[in-house]
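Everything on this sheet refers to the single structure shown next.
The values are calculated or read from the model by the stated rules, or taken from the named source; none is laboratory data. Here the structure is a predicted model, which means the values were calculated and not measured. Reconstructed Cβ throughout: ideal geometry from the backbone, glycine too, with neighbour counts over all protein chains shown. All accessible areas refer to the heavy atoms of the entire protein, side chains included, with ligands and DNA or RNA removed. Shrake-Rupley method; radii C 1.70, N 1.55, O 1.52, S 1.80 Å.
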Amino acid sequence: MNDAPKRRLRLSWGGATDQGHVRASNQDAMYADWGLFVVADGMGGHQGGEVAANLAVRTLTKAKPETLNELHEAVHDANKVVHETAVAEPELHGMGTTLTVLALTQQDEGRRFAVINVGDSRVYHYRDNQLIQLTDDHSYVGELMRRGELTQEAAAVHPYRNMLTRAIGVHAEVEVDEWLLDPVAGDRFLLCSDGLTNEIDDDEITEQLSISHDPSTTARELVRLANERGGRDNSTVLVVNVQIDDIDSEDDEDLTEPQDSDKSQVVSMEDESNPEIIDSTDALELPSKRSSSHPKKQRSWLNDRVGISLGAVIISLVLLIAAGAMVATIGWYARDGYHVGVVADQVVIQKGRVGGLLWFDPTLEQWTEIQVAQLNNQDLRRLTSGKQLADLAEAQAFVADLRTRLVDPTSEALGDN
Ligand code: MN
């Protein structure tokens with residue numbers, strides 16, 4: 001038996017997701033199990049966003065990645081699956097999803113957390129009442145802010161604040177950001193979709209993390225707050241707590257059993273360098289995609305099996321507060337008409353008003369082959385001024401006109417991050 005002190009790494013987590021008050025469906029997906037935590041925020045009209053998010057999460061989690069390499073492979077596979085499905089099925093054309101992952105991976109030097117991100121969902125790190133956003137937002141306004149060309153205040157109301165510059169499934173290949181972190185006792189991670197961060201600022205997230213140490217409570221409260229502020233988008237929050245205990249070797253057999261909290265996952269760390277996972281469970285199958293006629297509020301991405309076998313995951317579906325006829329009317333008005341915009345660096349035709357009216361975001365109607373980098377400055381300005389167009393034909397004519405003036409993309413790229 002090894003005499004070195006053993007350490008036990010324990011993760012506990014809780015998540016919440018909600019459709020919000022405005023969106024017709026919840027196109028966010030999340031997954032939590034076994035040191036693998038995922039949030040995905042789908043985009044694309046009709047059922048596209050929902051399909052993309054669930055396909056990506058399912059592809060990733062089925063792979064059960066254990067190393068950083070396997071994790072990367074799984075993310076690229078997810079991109080491929082979503083992209084090929086989008087290309088093959090006309091009604092899913094143009095769909096895509098964000099994908100943000102926190103995973104406990106096995107590295108040469110021991111177990112480390114890997115954070116992987118594509119899109120504008122986020123992973124935050126919380127320690128000593130300090131909240132740090134680990135991920136970069138791959139959004140149009142995110143790029144402008146990183147280049148110092150847009151303030152946070154201006155970004156919050158920018159007509160293209162929801163436009164992604166990178167997403168899973170949009171192109172055949174995708175560039176993926178990654179970070180590696182050592183497990184540190186007391187650390188907390190928060191994964192979320194932009195439905196949270198568009199309503200709630202970092203100070204409030206920090207406050208909620210400081211109020212309760214319980215991951216489920218924090219997740220539920222943040223989603224509730226996002227809805228209270230308008231609930232203009234689906235919001236999803238997943239909180240993960242890291243705990244490390246020194247243990248005696250004779251305690252080993254206890255490792256397989258949940259301890260004081262039943263919402264915990266126990267992983268042993270022997271001598272810090274060569275920990276083994278003691279507990280074990282089957283990979284989680286996501287429920288297959290449900291039909292659009294399904295009533296609201298009944299989707300749960302984490303099935304009962306996990307809830308029972310681990311008692312590990314709390315999903316709270318905050319009840320929808322009445323979205324009455326007035327909202328429906330505004331929704332119709334907001335989605336009326338077309339404009340030409342940008343998604344993931346690609347010029348697209350969108351149905352709906354620029355930036356959405358009130359809180360209605362436009363939905364993607366058609367991709368074009370034109371990349372933002374191919375536009376000259378004047379056309380880019382025309383695009384960002386968000387001219388409202390009466391119908392699809394007019395939008396297509398607008399695009400055809402753009403096509404006559406394309407420039408060499410290498411000279412005016414939007415940014416390579
Ligand atoms: Mn969203």
Checking VAL237 against (1) touching a strand residue (DSSP E or B) at 6+ places or on another chain (Cβ under 8 Å); (2) open to solvent by 10 Å² or more (accessible area, probe 1.4 Å): exactly one of these is not met. Which one?
(2)
From the residues in the stretch 177-213 that are in a strand (DSSP E or B) and surrounded by fewer than 22 Cβ atoms within 10 Å (Cβ to Cβ), which one is nearest to the ligand (Cβ to nearest atom)?
ASP177
Given (1) more than 15 Å from VAL223 (Cα to Cα); (2) within 16 Å of the ligand (Cβ to nearest atom); (3) not in a loop (DSSP other than H, G, I, E, B), SER25 misses just (3)
Quick one: GLY20 ticks every box in (1) open to solvent by 10 Å² or more (accessible area, probe 1.4 Å); (2) assigned to a loop (DSSP other than H, G, I, E, B); (3) within 30 Å of HIS213 (Cβ to Cβ) bar one, so which box is it?
(1)
Close pairs (9 angstrom Cβ cut-off, 6 or more residues apart or separate chains): assigned by TED's automatic domain parsing to the domain that holds GLU66 in the stretch 28-40, of a type in the set (Ser, Thr, Tyr) and open to solvent by 10 Å² or more (accessible area, probe 1.4 Å) anywhere:
ASP33/THR281; TRP34/SER280; TRP34/THR281
Can you tell me which residue among LYS64, LYS80 is touching a strand residue (DSSP E or B) at 6+ places or on another chain (Cβ under 9 Å) and away from the ligand (no atom under 15 Å from the Cβ)?
LYS64
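Taking the condition over 30 Å from HIS76 (Cα atoms), surrounded by 24 or more Cβ atoms within 10 Å (Cβ to Cβ) and among the small types (Gly, Ala, Ser), does ALA167 pass?
Values: over 30 Å from HIS76 (Cα atoms): no; surrounded by 24 or more Cβ atoms within 10 Å (Cβ to Cβ): yes; among the small types (Gly, Ala, Ser): yes.
Considered against the rule, which asks whether it is over 30 Å from HIS76 (Cα atoms), surrounded by 24 or more Cβ atoms within 10 Å (Cβ to Cβ) and among the small types (Gly, Ala, Ser), ALA167 comes out as no.
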Taking the stretch 82-119 and the residues there that are free of Cβ contacts under 8 Å to residues at least 60 places away in the same chain and of a type in the set (A, V, I, L, M, F, W, C), the one that is nearest to GLY35 (Cα to Cα) would be VAL118
If only one of VAL81, VAL87, VAL39 is outside any loop (DSSP other than H, G, I, E, B) and crowded, with 24+ Cβ neighbours inside 10 Å, which one is it?
VAL39
Looking only at the stretch 350-363, decide whether some residue is modelled with pLDDT of 65 or more, among the acidic types (Asp, Glu) and crowded, with 19+ Cβ neighbours inside 10 Å.
no
Which residues, taken from the stretch 47-61, are of a type outside the set (Asp, Glu) and either within 16 Å of the ligand (Cβ to nearest atom) or assigned to a strand (DSSP E or B) (or both)?
GLN47, GLY48, GLY49, VAL51, ALA52, ALA53, ASN54, ALA56, VAL57
